[in-house]
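Let me begin by presenting the structure, written as structure tokens, before commenting on it.
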Amino acid sequence: MEITEQIGRLKQQRGALILAHYYVPEEIQQIADFVGDSYFLSKKAMEAPQKTIVFCGVQFMGESAKLMSPDKTILLPDAAADCPMAHMATPQEVARVRAEHPDAAVVCYINSTAELKSCCDVCVTSSNAVKIVRALPQNEIFFIPDSNLAHYIAQQVPEKTFVFGTGYCHVHHSITEQMVRQARREHPQALFVAHPECRGDVLALADAVGSTSEIIDFATQNPAQEFIVGTEMGVLYELQKRNPDKRFYPVHAHQVCPNMKRNSLEKVRDALENMQPAVELPGQWSRRALAPLEQMHTLAEAAR
Ligand code: 13P
Ligand code: SF4
């Protein structure tokens with residue numbers, strides 16, 4: 001029996017839902033019930049009636065789903081698939097900045113550990129960060145962990161002051177201004193679309209900046225026929241699927257998130273068969289880490 005057939009049968013037996021991020025290998029995107037950006041997937045996991053969810057992404061995505069739905073079984077096909085940036089801030093750093101800036105809101109990118117979320121005021125994803133930060137009552141913002149995203153938000157919300165975290169995504173940070181200029185020389189007709197985890201000088205060259213879903217929507221709706229894509233290569237699958245006649249180029253050949261690529265069809269099948277690895281969270285963080293996620297969902301819906 002084909003592996004996709006095995007997955008289909010197990011999925012039915014378990015009454016499971018399969019969610020996949022745009023960065024996982026395309027054969028997983030093909031069998032997933034829903035593919036999307038971090039916010040879309042977080043909402044789907046929360047609203048899904050299924051009690052078992054296979055979350056093909058990285059740890060923080062599975063953890064966030066478990067925080068929002070503690071009664072569901074959240075399976076991560078590879079428990080070691082982790083986003084390094086999620087660890088690039090500490091509760092100690094938050095405590096220090098809170099002592100120095102008692103009026104600041106601590107805003108945490110969803111790419112963060114549950115422990116880090118537990119000491120923040122509100123979470124955001126790349127698709128709602130600007131709207132949520134703008135809507136917060138506080139005028140001072142401490143944004144962790146991603147420094148590039150924080151600077152992008154600060155530029156979009158100039159009326160507020162910022163304290164910046166120092167984390168970064170190695171995949172997006174590896175894209176440089178020189179590389180983008182070179183790609184533009186090679187493809188002079190192409191528009192450049194970028195994820196806000198890219199460096200500021202790279203974003204300054206972009207025709208559009210947005211989350212993975214926003215990049216896909218922009219390129220689909222825009223009449224241009226060629227696009228240089230400043231995010232992980234996995235989005236090229238959906239871009240090409242929706243726009244078979246358009247051409248998409250990465251800025252360089254190594255825009256690959258090794259953690260997202262740890263997901264495989266075999267691991268999805270094994271997770272459904274064994275109901276493992278399942279996300280478990282230490283109780284002491286869970287309640288406090290849930291509040292900023294709930295706050296994000298409330299504010300994101302209000303800002304729509
Ligand atoms: P999106 O929310 O834009 O899908 O981004 C997730 C991510 O990990 C970006 O590196
Ligand atoms: Fe983390 Fe970057 Fe991979 Fe996204 S692409 S999961 S931010 S390492």
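The values are calculated or read from the model by the stated rules, or taken from the named source; none is laboratory data. Computed from a prediction, not measured in an experiment: that's the story for all the values here. Backbone-built Cβ (ideal geometry, glycine too); neighbour counts: all protein chains shown. Accessible surface is based on the protein model in full, side chains and every heavy atom, while ligands, DNA and RNA are left aside. Shrake-Rupley method; radii C 1.70, N 1.55, O 1.52, S 1.80 Å.
What pairs come out if I take residues in region 202-213 that are farther than 14 Å from residue 148 by Cα and pair them with residues that are in a helix (DSSP H, G or I) and open to solvent by 30 Å² or more (accessible area, probe 1.4 Å) whose C-beta lies under 9 Å away, six or more apart or interchain?
Hits for this filter: 205/177; 205/181; 205/184; 207/218; 208/214; 208/218; 213/40.
Before we move on, is residue 81 within 11 Å of residue 144 (Cα to Cα), modelled with pLDDT of 95 or more, open to solvent by less than 30 Å² (accessible area, probe 1.4 Å) and within 16 Å of ligand 2 (Cβ to nearest atom)?
no
Taking only region 20-57 into account, find how many residues are of a type in the set (S, T, N, Q) and either free of Cβ contacts under 8 Å to residues at least 40 places away in the same chain or not in a helix (DSSP H, G or I) (or both).
Total meeting the criteria: 3.
Restrict the check to region 132-145 and report whether at least one residue is open to solvent by 10 Å² or more (accessible area, probe 1.4 Å) and in contact with a helix residue (DSSP H, G or I) (Cβ under 7 Å, 6 or more places away or on another chain).
yes
Just to check your reading of the model, which residue among 86, 114, 45 is open to solvent by less than 10 Å² (accessible area, probe 1.4 Å), more than 29 Å from residue 156 (Cα to Cα) and small (Gly, Ala, Ser)?
45
Could you tell me whether any residue of region 158-177 is basic (Lys, Arg), away from ligand 1 (no atom under 16 Å from the Cβ) and open to solvent by less than 30 Å² (accessible area, probe 1.4 Å)?
Yes, region 158-177 contains at least one residue that is basic (Lys, Arg), away from ligand 1 (no atom under 16 Å from the Cβ) and open to solvent by less than 30 Å² (accessible area, probe 1.4 Å).
For residue 195, work out the one condition from (1) in contact with a Ser or Thr (Cβ under 6 Å, 6 or more places away or on another chain); (2) free of Cβ contacts under 8 Å to residues at least 40 places away in the same chain; (3) surrounded by 17 or more Cβ atoms within 10 Å (Cβ to Cβ) it doesn't fulfil.
Among (1) in contact with a Ser or Thr (Cβ under 6 Å, 6 or more places away or on another chain); (2) free of Cβ contacts under 8 Å to residues at least 40 places away in the same chain; (3) surrounded by 17 or more Cβ atoms within 10 Å (Cβ to Cβ), residue 195 violates only (2).
Working only within region 110-134, note down all residues that are within 14 Å of ligand 2 (Cβ to nearest atom) and either among the hydroxyl-bearing types (Ser, Thr, Tyr) or free of Cβ contacts under 8 Å to residues at least 12 places away in the same chain (or both).
Within region 110-134, 112, 113, 125, 126, 127 qualify.
Would you check which residues across region 127-150 are closer than 12 Å to residue 300 by Cβ and in contact with a Gly (Cβ under 8 Å, 6 or more places away or on another chain) and list them?
127
Looking only at region 89-104, count how many residues are out of contact with any strand residue (DSSP E or B) (no Cβ under 6 Å at 6 or more places or on another chain), assigned to a loop (DSSP other than H, G, I, E, B) and open to solvent by 60 Å² or more (accessible area, probe 1.4 Å).
Qualifying residue count, region 89-104: 1.
So, of the residues in region 229-277 that are of a type in the set (A, V, I, L, M, F, W, C) and surrounded by fewer than 17 Cβ atoms within 10 Å (Cβ to Cβ), which turns out to be farthest from residue 117 (Cα to Cα)?
It comes out as 253.
If you go through region 200-236, how many residues are over 13 Å from residue 249 (Cα atoms), of a type in the set (A, V, I, L, M, F, W, C) and in contact with a Pro (Cβ under 8 Å, 6 or more places away or on another chain)?
Result for region 200-236: 2.
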